[in-house]
Amino acid sequence: MTAAIRAEGVTKTYVLRREARRTLKEVVLRQYAPAETVTALADVSFEVAKGEAFGVIGSNGSGKSTLLKLMAGTSKPTTGRLEVGGRVSALLELGAGFHPDFTGRENAYLNGSLLGLSRKEMDAAMPQVEAFADIGRFFDAAVKTYSSGMYARLGFAVAIHLDPDVLLVDEVLAVGDEYFQHKCFAKIAEFRRQGRTIVLVTHDLSAVARLCERALWLDGGRVSAIGTVRDVVNAYQRTVGEREQRERAARGHGERWGSKEIEITAVRVLGADGGERAVLDSGEPASIEIAYRSGAAVSDAVFGVYVYRDDGVGVYGTNTMIDGCEAPVRGEGVARFRVDSLDLLPGAYDIDVGIIDPQDRYYDYLQKGLTVRVIGRSREVGVARLRHRWEFEA
């Protein structure tokens, strides 16, 4: 299959100098601190096939945006080779390539001319750009008056409608509202059906799973994994989950409040084998274990859990009172919330755990008491799996 993008041993370094912070001693003696060399990418190699949707994932500072700038041609590798075939349209950051004093319309024409489109071609594309951006009268206002959401709308509208062979999209879509994001993803799916090449950089792993066939995981500027989306995302979730578990053990949970008449002494997530886990398999049994201590017998304790995605979207919450379960507390003990089949789809989740009384008076509450990552091989999308079946009638 023909490669649209080919990287061979790509390394990108930057030289940081302290010239703006020289001390008086350095100026007088002309003894300057040596420049610092930062390696943003190190020996990165991969191929993206023509017509493929390819994801790039990694934590902040991993080199994702640097790699996209190299593919867009706005920067060059220090060593190695990077080849991109065809016309490239890039949406790398808010306002990139826009002149602040030009209107949205003028900037669209400018971007088209830089990509080699004629005035006639831009005249034909302009109604679609204006309609997709959907910013009304601001389309003919200077872009320096735009909000971040307007920048995103104009930037994506211009990038997707300039007939590119390769579309590069960075995290910038995250600033758009939910309706606009749905429009963008639908347009990317249409772009994909047309056989164009897409490279998507995002922290939204579900978006990568939904839109891409393969993915690259960058960690500290190096290739940590490359392959099918599920294999790469699962490897990323497993490694990051274990790292988060170590960090949480060092720094503790989020906010905590309550009278402490009953005190939570430990919380854990357990896997199917009963061992503590930072990463769980979707569809497998799991438990949340809450260890507690009380100085006196309490008959009205209510144990609860609340699971929500790491972006704050609530998934599920319940407690022993809702479930009609008595929770007698005497001295020290353990309460377990058991799930026979964890029907969360792959992603990162936070869990609140708490003990209250029937009048919602808090004995002890741990906000973000637990963090867990879920992995799996299903191609379903969303947050949770709905138990279902298909029926047909002829």
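The values are calculated or read from the model by the stated rules, or taken from the named source; none is laboratory data. A quick note: this is a predicted structure, and the numbers were derived from the prediction, not measured. So basically every Cβ, Gly included, is an ideal-geometry build from the backbone, and we count neighbours across all protein chains shown.
Given the structure, is A186 closer than 21 Å to F132 by Cα, modelled with pLDDT under 80, in a helix (DSSP H, G or I) and out of contact with any helix residue (DSSP H, G or I) (no Cβ under 7 Å at 6 or more places or on another chain)? So A186 does not fit the description; no. Please go through region 224-235 and pick out each residue that is in contact (Cβ under 8 Å) with a residue 24 or more places away in the chain and within 13 Å of F54 (Cβ to Cβ). Selection gives I226, V229, V232.
Against the test of being buried (at least 17 other Cβ atoms within 10 Å of the Cβ), under 16 Å from P164 (Cβ atoms), in contact with a Cys (Cβ under 8 Å, 6 or more places away or on another chain) and among the hydrophobic types (A, V, I, L, M, F, W, C), the options F54, F132 yield a single qualifying residue, F54. For the structure I just gave you, tell me whether D165 is surrounded by fewer than 21 Cβ atoms within 10 Å (Cβ to Cβ) and either in contact with a strand residue (DSSP E or B) (Cβ under 7 Å, 6 or more places away or on another chain) or at pLDDT 85 or above (or both). It is true that D165 is surrounded by fewer than 21 Cβ atoms within 10 Å (Cβ to Cβ) and either in contact with a strand residue (DSSP E or B) (Cβ under 7 Å, 6 or more places away or on another chain) or at pLDDT 85 or above (or both).
Take residues that are touching a helix residue (DSSP H, G or I) at 6+ places or on another chain (Cβ under 7 Å) and under 30 Å from T228 (Cβ atoms) and tell me which of the strands (runs of 3 or more DSSP E) falling wholly in region 296-394 contain 1 or more.
347-356, 362-375
Which one is nearest to R222 (Cα to Cα), of the residues in region 48-95 that are assigned to a loop (DSSP other than H, G, I, E, B) and among the β-branched types (V, I, T)? Ranking the qualifying residues of region 48-95, first place goes to T78. Do the conditions hold for G112, that is, is it part of a helix (DSSP H, G or I) and within 21 Å of T197 (Cα to Cα)? The answer is yes for G112.
Counting only residues that are out of contact with any Phe, Trp or Tyr (no Cβ under 7 Å at 6 or more places or on another chain) and modelled with pLDDT of 95 or more, region 294-307 holds 4 of them. Residue check: E284 meets all listed conditions (1) modelled with pLDDT of 90 or more; (2) in contact with a Lys or Arg (Cβ under 7 Å, 6 or more places away or on another chain); (3) surrounded by 14 or more Cβ atoms within 10 Å (Cβ to Cβ) but one, namely (2). For region 4-20, the tally of residues that are over 30 Å from G85 (Cβ atoms) and modelled with pLDDT of 60 or more stands at 3.
For region 352-361, the criterion of a residue being assigned by TED's automatic domain parsing to the domain that holds A278, farther than 16 Å from T265 by Cα and basic (K, R) is satisfied by at least one position.
Listed by first and then second residue, the pairs linking a residue in region 321-350 that is among the small types (G, A, S) to a residue that is assigned to a loop (DSSP other than H, G, I, E, B) and at pLDDT below 95, with Cβ atoms under 6 Å apart and 6 or more places separating them unless they lie on different chains, are A327/A301; S341/G283; A348/D310.
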